[in-house]
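Heads up, the thing below is written out as structure tokens.
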Amino acid sequence: MPQGKGVLYLCATPIGNLEDMSPRVLRVLGEVDLVAAEDTRHTLKLFSHFDIHTPLTSYHEHNKKSKGENLLQQLLDGKNVALVSDAGLPGISDPGEELVVLVTAAGVDVVPLPGPSAALTALVASGLPTGRFVFEGFLPVRGKQRRQRLEEIKTEKRTIILYESPHRIKTTLTELAAALGGRRAAIARELTKKYEEIRRGTLPELLEWCRANGPRGEYTLVLEGAGEEMPAAEDMVPDGKTAVERVLELESQSVARNEAIKRVARLSGINRRELYDLVARLKDKDN
Ligand code: SAM
């Protein structure tokens, strides 16, 4: 007898605090034929805490193509599958997005089970406008793409949400402070966990805080959108340029880089060493 198609359930899981697991997600994880997880070891811990015994398989960035096809076939064969990411809502900054595209194109039903997401959790606590916002996920790591994205963010009027890894948080804050100046922002660290911390201030203030406190845990950044006036970076260098632009301009006027950096650091308040790294990265390591 041919069976009907199965259903793909997108199950949100806690981003730190296990009390955020919803009863509905618990029920569905226990009832489906198979759970596809971004990190099976991580999800096994969740399963053992909640006493779930459903078969687990991996679905992650490095096997998403072949495993996606395999999961689709199982769904077409009538199996019900639940997708979970490492934490939060699958499909946001993880390969869940591709699986949804694949299975919906094949006519499989997708049922989302809402729950924690670091992006929205950070946004609502940021103290910044929530009426209109954009999610930027992770910035491109380097090069032209990163510069372009920073340029776009500079003129974005809506509140901006970014994810960042602990080892890049200082660099990203340095570059954001250089591009956006004294814009208000919030850093949400370790949301829902024991050492949760939500810091609000201007970008240079948050950078200082980050320098003093070191990268610890997981971070979500929320940035105020650009005002109607010119970008806040104007506040930092009186002639209306961002700190990096001003250094490059001085260099093009034959001022030595060290001297240009010294002058702009004094005006902008950005640490001289960090401004130096920023200029070097943007100018010399372009790819
Ligand atoms: N799908 C997940 C969601 O919706 O929350 C996000 C997955 S993304 C790969 C992971 C990123 O989310 C982390 O690098 C961090 O930027 C952010 N994040 C996850 N958990 C967090 C937490 N407890 N506190 C702050 N940020 C968190």
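The values are calculated or read from the model by the stated rules, or taken from the named source; none is laboratory data. All values reported here derive from a predicted model rather than from experimental measurement. No Cβ is skipped: glycine too gets one built from the backbone with ideal geometry, and neighbour counts run over all protein chains shown.
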Practice problem: Could you run through region 132-146 and say how many residues are surrounded by 15 or more Cβ atoms within 10 Å (Cβ to Cβ) and over 23 Å from I92 (Cα atoms)? | Solution: 0
Quiz prompt | Complete set of residues in region 108-118 that are more than 18 Å from L18 (Cα to Cα) and not in a strand (DSSP E or B) | solution = V108
Practice problem: Write out, first by first residue and then by second, each pair whose Cβ atoms fall under 9 Å of each other, whose residues are 6+ apart or on separate chains, and whose first residue, in region 81-96, is within 18 Å of S165 (Cα to Cα) while the second is within 6 Å of the ligand (Cβ to nearest atom) and assigned to a strand (DSSP E or B). | Solution: I92/Y163; S93/Y163; D94/G88
Practice problem: Kindly indicate whether V124 is without any contact (Cβ under 8 Å) to a residue 40 or more places away in the chain, surrounded by fewer than 21 Cβ atoms within 10 Å (Cβ to Cβ) and within 27 Å of E224 (Cβ to Cβ). | Solution: yes
Quiz prompt | Filter pass, L173 being away from the ligand (no atom under 14 Å from the Cβ) and closer than 26 Å to A265 by Cβ | solution = no
Self-check item: One residue from L76, L71 being more than 15 Å from the ligand (Cβ to nearest atom) and in contact with a strand residue (DSSP E or B) (Cβ under 8 Å, 6 or more places away or on another chain)
Solution: L71
Quiz item: Just a yes or no: is a residue in region 186-199 in the same structural domain as Q148 (by TED's automatic domain parsing) and more than 14 Å from the ligand (Cβ to nearest atom)?
Solution: no
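Residue-by-condition table, conditions (1) in contact with a Lys or Arg (Cβ under 7 Å, 6 or more places away or on another chain); (2) near the ligand (Cβ under 10 Å from one of its atoms); (3) within 20 Å of I15 (Cα to Cα):
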position	(1), (2), (3)
A118	no, yes, yes
T121	no, yes, yes
G131	no, no, no
V134	yes, no, no
P140	yes, no, no
E152	no, no, no
E156	no, no, no
I161	no, yes, yes
Practice problem: Return yes when T242 is crowded, with 23+ Cβ neighbours inside 10 Å, of a type outside the set (A, V, I, L, M) and either at pLDDT 85 or above or within 16 Å of the ligand (Cβ to nearest atom) (or both) and no when it is not. | Solution: no
Self-check item: E19 within 16 Å of the ligand (Cβ to nearest atom), modelled with pLDDT of 95 or more and in a helix (DSSP H, G or I)
Solution: yes
